[in-house]
Amino acid sequence: MNLYSKKNIINLFKKYNIKPQKKLGQNFLIDKNIIKKIIRSSNISKNDIVLEIGPGIGTLTIELSKKVKKVIAIEKDKTIIKILKETTKGFKNIKIINQDILKIKKIKINKKYKIIANLPYYIVFPFLKKFLEEENPPHEMILTIQKEVAQKIVKKPPKANFLSIFINFYCDSKILFFIPKESFWPKPKVDGAVIKLSNIKNKNLEVDKFLFYKVIKIGFSSPRKKIINNYFNNIKLNKKEVYNLFNKININPNLRPENLSLKDWIKLTEEISNLIL
Ligand code: SAM
């Protein structure tokens with residue numbers, strides 16, 4: 001079935017008496033060239049195991065399944081799964097799981113895997129946090145997300161932000177291309193972007209990731225303030241100790257958080273860990 005035809009999709013929804021659900025971020029890709037571009041830039045081969053979050057009606061799922069060994073497709077909406085089962089019938093290497101990805105405790109894939117997904121926009125941050133902190137993270141992710149969020153993720157100092165520092169602590173990030181909102185049905189309010197997160201397993205393994213998270217969360221709590229002000233009263237150190245801390249690691253305490261590099265945040269985390277643990 002041609003899943004790029006709006007008419008076909010509308011008929012499928014009619015057949016099962018359902019409607020796309022806004023609250024689940026259901027905006028389906030209907031542009032064949034975009035799907036092709038995602039597949040091409042994913043660099044996938046017959047040895048790959050791919051986890052797809054939110055397969056929806058299966059447009060991307062089917063194209064992935066033609067290229068890889070196995071697609072594990074996790075979909076929260078049990079009604080749309082009726083459509084998904086129909087469209088993916090006959091593709092033996094697709095495994096459909098009806099679950100909320102955020103509620104899955106442990107990812108039970110003991111092999112190397114990639115995540116490729118057109119994410120429901122409302123779960124982007126919790127999803128990234130979950131998979132980057134995962135004991136067995138994917139080694140690469142190719143994600144369709146909102147354009148503005150993608151642009152935020154790749155920002156560097158002096159324009160860094162909480163999200164860019166958090167993500168680049170774990171991996172390298174790169175915007176591959178943008179997707180106009182007309183390529184989705186129903187049409188969302190904003191354009192999308194495809195982002196690649198790579199080198200996931202190898203970075204900063206020696207740093208306490210949970211402490212790092214706390215340190216940047218506090219550091220960016222008021223992004224327009226001087227960095228030092230965000231730490232007063234927020235960690236177990238008095239004002240003088242906080243000043244000494246910044247002096248010791250040679251970071252100007254009057255800078256704003258957006259000016260600090262990933263290396264600075266790591267130094268800060270390590271020094272805080274020496275002082276409070
Ligand atoms: N992959 C399809 C495509 O590209 O056309 C659909 C993408 S649509 C943006 C997002 C999909 O994620 C929807 O099918 C939605 O039901 C599903 N979804 C939403 N929240 C989810 C969650 N927490 N866990 C798993 N799937 C979810």
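The values are calculated or read from the model by the stated rules, or taken from the named source; none is laboratory data. Quantities reported herein were computed from a predicted structural model and do not represent experimental measurements. For neighbour counting, all protein chains shown are included, and Cβ atoms are generated from backbone atoms with ideal geometry for every residue, glycine included. Side chains included, ligands, DNA and RNA excluded: accessible areas come from the protein's heavy atoms. Shrake-Rupley method; radii C 1.70, N 1.55, O 1.52, S 1.80 Å.
Quick rundown of the values:
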| item | result |
| --- | --- |
| Distance from region 205-256 to region 22-64 (C-alpha centre basis), Å | 40 |
| Rounded to 5, the percent of DSSP beta bridges in the chain classed as antiparallel | 50 |
| Listed pairs Lys108/Lys187; Lys156/Lys214; Lys112/Lys174; Lys114/Lys209 exceeding 28 Å between Cα atoms | Lys108/Lys187 |
| For the chain, size of Cβ-based charge dipole, Lys and Arg +1, Asp and Glu -1, in debye | 820 |
| Heavy-atom accessible area per residue - the chain, 1.4 Å, Å² | 52 |
| Violating pairs (Cα-Cα greater than 19 angstrom) within the set Lys155/Lys189; Lys46/Lys66; Lys147/Lys196; Lys19/Lys85 | Lys155/Lys189 |
| Burial order of peptide ranges 100-106, 198-204 (average beta-carbon count within 10 Å, highest first) | 198-204, 100-106 |
| From phi via Karplus (6.51, -1.76, 1.60), per-residue ³J(HN,Hα) for region 205-210 in Hz, x at Gly/Pro | 5, 7, 9, 5, 5, 6 |
